[in-house]
Structures are given as C-alpha cells and as structure tokens.
There are 2 protein chains.
Amino acid sequence: MFFRSLPRAASRISPARGLRLDGATINPNVKAAQYAVRGNVLERSMELERRMTAGEKLPFDKFVPCNIGNPHACLQSPLSFHREVLALCMSPSLAKHPNTFKSDVVERANRYTATLNGGVGAYSNSQGIQSVREEVAAYITERDGHPAYADRIFLTNGASEGVRTLLTCLLRQGRADGLLTPIPQYPLYSASLTLLGGTLVPYYLNEGSNWGVEMQNLRESLEFARSNGIEVRGIAVINPGNPTGNILSEDQVREIIQTAVEEKLVILADEVYQANIWKKGASFSSFKKVACDMGLTGKDGDDRLQLVSFHSTSKGFLGECGLRGGYMEVHGIGPEVRAELYKLASLSLCSNTVGQLATGLMINPPREGEPSYETYRKERDDILSSLERRSRMVHKALNELEGVTCNEAEGALYAFPRIRLSKRAKDVAEGKGLPGDEYYCLKMLDETGIILVPGSGFGQEDGTLHFRTTFLPAEDIMHDTIKRLAKAHAAFMDAHRD
Amino acid sequence: MFFRSLPRAASRISPARGLRLDGATINPNVKAAQYAVRGNVLERSMELERRMTAGEKLPFDKFVPCNIGNPHACLQSPLSFHREVLALCMSPSLAKHPNTFKSDVVERANRYTATLNGGVGAYSNSQGIQSVREEVAAYITERDGHPAYADRIFLTNGASEGVRTLLTCLLRQGRADGLLTPIPQYPLYSASLTLLGGTLVPYYLNEGSNWGVEMQNLRESLEFARSNGIEVRGIAVINPGNPTGNILSEDQVREIIQTAVEEKLVILADEVYQANIWKKGASFSSFKKVACDMGLTGKDGDDRLQLVSFHSTSKGFLGECGLRGGYMEVHGIGPEVRAELYKLASLSLCSNTVGQLATGLMINPPREGEPSYETYRKERDDILSSLERRSRMVHKALNELEGVTCNEAEGALYAFPRIRLSKRAKDVAEGKGLPGDEYYCLKMLDETGIILVPGSGFGQEDGTLHFRTTFLPAEDIMHDTIKRLAKAHAAFMDAHRD
C-alpha cells in the first residue's frame, strides 16, 4: 500500500511514539518460526567448541556434525570437472596457461561464458541463464522421457529459495491457507508456513510401512482441515524422504497425483535427493514423469495437475551446498503465474550465477568418450558407493542399540531411528523442560561430540521419539563414531533404568 | 500455525474443493508488487530483440541497457586479484601449476580455504564466514574510526536479501506497519513493502535542492501517517541516492539520525554506492560513523538508535552483480533480535560462499607493497575515473536536451533527469493508457535501442515526469548513445508540438 502523504500540508496531530525493534515487537511470525536443524543442539555444540578451544578437557577431541547434510564439511571432495569449469568461468584468463585444463573443461567454460552477457559478474536473466535452463530441460526430458521446457525452469539459490517463492505465491495474508505437509518433515516447510502466516496441515507417514504415505489418513487430514475452514491449497512431498530416507513407489506417487487432481492441490515435489538411491532394485520416479505417464501434460490450458518440482546442487553426489544452486520446474502453472514468479525473481535480480552454472554442470556432466569422463565417473561412483556402504552401516548399527529401531535408509542422506526411553529418562527430561529426544541428543553430544537432531524438530506421532542423523562422516570416522555412540547410548540407558 | 489433525478419526464432512493457482487466486500482495527496473520497457526490449534476431530491420543494430546498474554487462572488467583468489578457492589444485598465481593471491586463497570448513562447497555459518565478517568489521572500523564487531555483521546474497530480511522482522502481518521511504526510491523498497503487507510512507526528496531531504516535510509525512493509525517503524535512506545520484551531507545524516532517535525509527541505511563518489570535494559519511560521532554507541543496552546498514559487491568499482555478495551491519539491535536474524538466515542455511568471499575481497583489497597492489590500483582507478567522466558527460548532455533538466550526479551510477512533455505528448500517452514518462521511454527504445526506466517506477511528485539512466556503457559507446538519444529526443519533441 502506498500511503498518500500531504507533502506540504502541516498536520498538527501529535505523533504516537515509535516502537523499538526487540523480542516483543518483532514480527511474531518470525519469532514463532522454528528450524531445528540449526537449533538448541547445534547451539550447545558451539558452546562446547568455544570451551574446548579455551582449553577445557571434554570427553571427546572432535565434533562429528551429523545434524546437517553438508557433505564437504564431512570431507567429501568436489568433482574436479565441475570445479575447474567454474574456476575458469571465474577467471577466464587462466586458459592462457598451457596444460592447466582439459579441452572439455575449456570448451564448457567458453560455452557458458559466451552465453553469459558479461560473465559471472553480470546479473543474469532473473529466471536464470537461458543456456543453463535449456540444459536442465534437456536433463529432465532425458530422465523422464517426457518433454521439459526452459521457460518452465527457474534457477534458484538452492531449493529452499524456490520453495519459499512458491509458498509466497500460494499463501494469502490474513487467510486460513494451508499446506498438506508430511510428518515427519524437513522444517523448511513448517518454518516457511509460520513465517508466511500459513497453516501446516499434517499427514503422518507410517513408520510401520517404512514411512509410506497412507492416502486414507491424508484424505482425512485434508477433510478435517477443510471442515474447520482451512483453505488447503497444496501438498508438499519429499521424495526420497527427509528425514525419513524412504523412497515413494510409483504407485504412491500416482495416488498422490490423483488426489491432487481431484482436490485441486498444487504439489510441491521436493526431489533434491533424486540421485541418492541406496535400496537394491529401487529407482526414483519423478512426479513429473508419473504425471506425464498419466496424460497430465501440464501444457498451457491443461492445469488439471499443478506441480512444482525442486532440485538442488547441495545433495546427490555433488554436495555443493555452499554454492547455493538449484532449480524449480513448474508444470500446469499458467503464463500469468509464471510472470508473477519471474517478477518475484527479478526483485532479487537473479540467483547467484556460480550456483546457476553448478546446476548446469550437475545435470550435464561429461559424457562417455570426453576427456574428463573417466575421472568424473570414478569420483561419482566412489562417492555413491561409499555413501551406500555408510547407509547400511548406520542402519545396522542403530538397530543393534537397545530400545532403538530404524527403517532402512532407501535413499537420501539420513537415518531417522525411533528411540524408546524409560519413564525415568522422560521424567528427567521433563524436569529440565526438554522433549525426551532433545534431552537424549544433548546427552549424546556431551559424551561423544556427535551432533544429532531431535525428532521433535521434524514432527513425529505423539508418544514417539526419534532423532535424525546423516551418514556423511568419512567411513573410518564413521566406524569410530558408531562405536562411541553405542557406548554412550548404553551408558545412557543404564543411567536411566526405571 | 500447526494444525492438529485427528490421524485416525475419520471425519465425514465433504471437503470444499481447492483453488487452482492462477492470476485470480495468487497471493494478492505478489500481484500488487511492482518492480519497474525490469518492467514494461525491458519486456518491450526483449520483444524487439526477438524480432531483431528473427531478421526484422530495426532503426538500430544493438541495444544499450541503461535500465539497470549491471556494469559487467556494459563491458566493465572484473578485478584480476579478486577473481584469481575466487578461482583458486573454487579449484585449489590449480595452485600446483607454477607461475599461475601471484603469491598474495595464493596466500589469500589459502587463508580463506583454511577458514572454510569444507571449502566453498560447504554451508558456512548461517550468519556468514567468521573470517570474512572479521574483515568486514575491520573495514568499517577503519572507514569510520569507530569499532565494528563481527557478531553484528550478516553476510547476504547481495544487499536486497538483507533489506528484505530486516523488513520481514520489522513488519507484522495484519498490522498497519509502515516505513518512511524516500520518493523517488529504488523500487526494492516499495515492492518488498507490498509483498510483506506493509505501508510505504513517502517523504519527498527536493529536486530543487539536488534531491536533498527536507526534515520538515519528512516529519509532516510521519505525523500524518501516524495520525491515520499507521505504526511507522522505520525509515529507509539511500545514500548515495538511487535513482537520484545525490550525496547526503553529514548535517543531513545527523538530522535524520536525530529524528530517528526521537521518533524511535529503525534506520535502514542503503549505502551500496559508498564507493561511487563523483562530486569534487564530496565525501561519503556513513550513518554508522555519524551515529558514533554523536555518541550513539549501539552497544547492547544502548538502543537509542537502531540502525541497519547495507553494502553490496554489485556496485562500487567491483560491479560483481552476478556473484550476489553483500552484508548488513546492525547497530543498537539487541541479542534477541540478532538471534532472530540468525534464525532467518539459517532457514536459507547460508548465503552463497563465493559472494561471501567476494565481499571480503571488496573491503580488504591488496595493500600497497603487495604483489597484486599495482594492478589492483590501476584497475580500480581506471574504472572510477572513467565512471566519473561518464557521469559528467551524461549530466551535460541531458541538460542540453529541450525540456530536460538534470541535477548533477554527485554519486552512485545514475542520472534522474526531469522531462517536460507537451500537452499533446501527454494526451497521446494517456490515449495509450501509459504514464507520460513510460510512453517517452518506449519511444526512445523503439528509435534508439536505449533502455531507460520511467520515473513512475521510482515515484515522483505528482505532475512531474522523469526517467532513470545509468552511465555504465563504455565511453565510446556512450558518445554514440548520447548522440542518438539527442536525435530521437528532438524528433519526439517535434512530433508532439502542441
């Protein structure tokens, strides 16, 4: 709203005093938003780190950050081809040094630089570099066997920015607009809903069926919310799951799409772990592919299904979190809304160009026969096979702990075990005003330096307790980490017998 | 809000149907937001470009993008030292090639890499890389002669993200919260206010005194807004000015601070053009410096003045727009609110690490005596002296146009001339449903390929018309551009005589 002042007319009404910006006067939605991945346990670890640096002797000599999917912080190496192309785009004059870069590195960098009007230092098209959006469209077309289009691709600073932008369009201020959200969920969704004044309408994943989606339960939540006046506008789906690590079957994807069509729900498909598939024989089915298989073309005029899919450079086998690269593909979203998405993007001018190029490199790596292919293949396979071994190692180890059960990590980078605490442990936690799982995670941190995230940060069925752990630490560290966790866990259980 | 479903209880109330996401059902704040820098005139230029590419003959053979401060797209070169450090951080193994990098490039890259736990590919601290925040604090301390602190610095994806984050904290949903905003203004402010449901309370800059701030007028707007129930919570100041190109005197800065203290207004000081000073003898006085000179320390416990200052890698003489680097410094903002700012930052995990490092390089360039200093100094001085020449060239040329007057561009990268159109021209515009200045800019585009932004996109006193132009095109192009604009302008005036 543009408030018309009277530039020249002196108003003599004495002003109300302003408000200091403090904890009491800040936007209450900001205060209410919660993001456990960087919450109390991490805060505690930072405090312990300060004390350790100050010379205090702790029961461990280094921290193991299992709280966040941050592969390079866990010693995963970047991919050589990708980084060399980015370095050359950053400083094109490096090409003058002989034998510094393979020919396909130079070719790719030249191709990108040619399409960047002013190099990486210039604002790109707000929607993203055209040539990179074309690479993304080609990747999706090849992946799904259905056409994708560059004008439906928006390049973003990681997937998080795309999710927030879409929710900003979907949720109207002062309205009871809601989003069906899986529980447990990645807290970006709950926090963004709180910030935007939206309502989280939970649908509970079934731990008993390896975190599967129960359509009956989902429909009941939807109906119950609507019968209470909530305008449910969309559904978030995370596949492969975070924190749950499950992979949706093609049948489950189809059922969700069918429901979204019938109930006019926009699907937000968070598919950032699509390259992290560990279950033997399992494969990733994108919502886009299944929708097109069902004849839901999403072409202008066909908005039976409205689907927005998200991907990121941060996960997979790149693990390029710091570069903040990602994209969203819109499907069944008309030109009018695409224009609004473009306008929102233009308000930030553009996403960072290095992240945009990293996105292009992620989905268009060296091909067989190209000079960099063998190195690329080996680096990729080493990372993926090691992650797969670690996922099994963690799954097995967690299930050997007293009172702990853990579903197989079929995909993604996390295990989300259930822990059963004694009444005594729960009472101690309650006495400290902490959820049981947070008390447990803080204890494990104090004893081992391992940073976990309590299940309460993701949401869980009442009466159950969980924690999320990545399996990103390097394998040798992982062996030791598991041993120390097992020892601390046993001690915790003994110390809290009823 | 977390909506409690009844996971197992089947509710039998038939659901309301959902809503398609379209132009009618999208968040109306999104639809209402306007961002002219990439508005109709740019859209038109894209259409013309498509037609030109398709072989159509236009009155010009290339476009001159004067609509946006995007230096590298106007052939400004990046700084060698900065880019080489970033390239080396991107691909550290390049250091093994002899004679590729100067020693201080290697030293800086090693220092950064050592402080990055996992390199540029890892998420950094959500507030920003500690060592870079320390560099920023040292820069501010040196610039102002008053201490700055790393824990008060937040690194952001450009300055725009910082402004939006701060406004998100300041503006409460469903409340009539307002922000005093200069008119004319950079439309990030008006658009963000619209998006967040805030109210723009305008204070008009005085074109007659080279776009100076009139305190009397500012206080009247404030009182008038408050007497109409608007809770005015802050004031935005852009210094040097965008689009106006003025520099605030230290007295003006002091007066604004005094008013902000008395009226409890948070100052948002947009200082992204602090290195773009063209007026002989003029100098930039940061709000932080003047505040500290006035004894407003901003230390915890002293929140008499609440000030948030913004800077960016996009302007100055770096012009690194695409890297999306920037910072905000908070002053007089207590730990509780800083914790909320940290939480908001953590929701996006971190700003892009390359932009963070570019920010460190911007404010901590090579020093005299270091191997890269001479090259750095020459590159910097060439860019700045050329920009200064171009600012005078444009100012002189614009004032020679019939019906056009233009204040001196004392700083920043823009001229904002006033144009006086004949009644006939205004009638033609009105007949096309266009503001007079937009009609003029579209005509200039069609005739010359020069992309300008109508003053209506920034706000202007009723009855006045302006446009904004950058003076970024390279000098030879600029000469030709001015000639062609003068010719097209004269033709426009002749064609629209009353």
Once amide H atoms are placed 1.01 Å from N in the peptide plane, what residues at a sequence separation of 5 or more from residue A:212, or on another chain, have their amide H within under 5 Å of its amide H? A:206
Dipole magnitude (debye, nearest 20) for the protein assembly as shown, charges at Cβ of Lys, Arg, Asp, Glu: 600
The percentage of the accessible area of the stretch B:201-310 (probe 1.4 Å, all protein chains present) made up of carbon and sulfur atoms, to the nearest whole number, is 46
Interface A:B - total buried accessible surface [probe 1.4 Å, Å², rounded to 100]: 11600
Helix-only CD estimate at 222 nm, as mean residue ellipticity for the protein assembly as shown, using -39500 (n - 2.57) per DSSP H run (n ≥ 4): -13000 deg cm²/dmol
State, to one decimal in nm and shortest first, how far the label point of residue A:262 sits from each corresponding label point in the other identical copies (label point: 7 angstrom along Cα-to-Cβ). 6.6
Nearest 5 percent is fine: what portion of the DSSP beta bridges confined to chain A is antiparallel? 50
Given a 1.4 angstrom probe, I'd like the percentage of the accessible area of the stretch A:107-171 that is carbon and sulfur, rounded to a whole number. 50
Listed peptides B:298-310, B:392-404, B:76-88 by packing density, highest first (mean Cβ within 10 Å): B:76-88, B:298-310, B:392-404
Positive-end extreme of charge dipole, chain A - chosen from A:243, A:337, A:422 (charges on Cβ): A:337
Simple spin-label model, 7 Å along Cα-to-Cβ: residue A:54 to residue B:490 in nm? 7.6
Along Cα-to-Cβ, 7 Å out, sits the label point; list in nm, shortest first, how far the one on residue A:369 is from those in the other copies. 5.8
Ranking request for peptides B:266-278, A:246-258, A:96-108: highest mean number of other beta-carbon atoms within 10 Å first, then the rest in descending order. B:266-278, A:246-258, A:96-108
What share of the DSSP beta bridges in the stretch B:116-363 is antiparallel, in percent to the nearest 5? 40
Of the DSSP H helices in chain A, the ones reaching 24 Å or more along their long axis in Cα terms and averaging at least -1.0 in Kyte-Doolittle hydropathy are A:475-495
Enter the mean projected area of the convex hull around the alpha-carbon atoms of the stretch B:87-141, in nm², rounded to one decimal. 4.3
Using only atoms on other chains, find how many Cβ atoms lie within 10 Å of each Cβ of peptide A:216-229 and report the average. 5
Sort B:333-342, B:440-449, B:177-186 for me by packing, meaning the mean count of neighbouring Cβ atoms within 10 Å per residue, highest on top. B:177-186, B:440-449, B:333-342
Chain A - accessible surface per residue (Å², probe 1.4 Å): 35
What fraction of the DSSP beta bridges in the protein assembly as shown is antiparallel, stated in percent and rounded to the nearest 5? 50
Shortest first and in nm to one decimal, what separations exist between residue A:175 and its copies in the other chains, measuring from label points 7 Å along the Cα-to-beta-carbon line? 2.4
Counting partner chain Cβ atoms within 10 Å of every residue's Cβ in A:331-343, what's the average? 4
Please grab the % of Cα pairs in the stretch A:116-363 that end up more than 26 Å from each other. 35
For peptide B:316-322, how many partner chain Cβ atoms fall within 10 Å of a residue's Cβ, on average? 5
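The values are calculated or read from the model by the stated rules, or taken from the named source; none is laboratory data. In this text, all values refer to a predicted model and were calculated from it rather than measured experimentally. Backbone-built Cβ (ideal geometry, glycine too); neighbour counts: all protein chains shown. Surface areas here come from the heavy atoms of the whole protein model, side chains and all, with no ligands, DNA or RNA. Shrake-Rupley method; radii C 1.70, N 1.55, O 1.52, S 1.80 Å.
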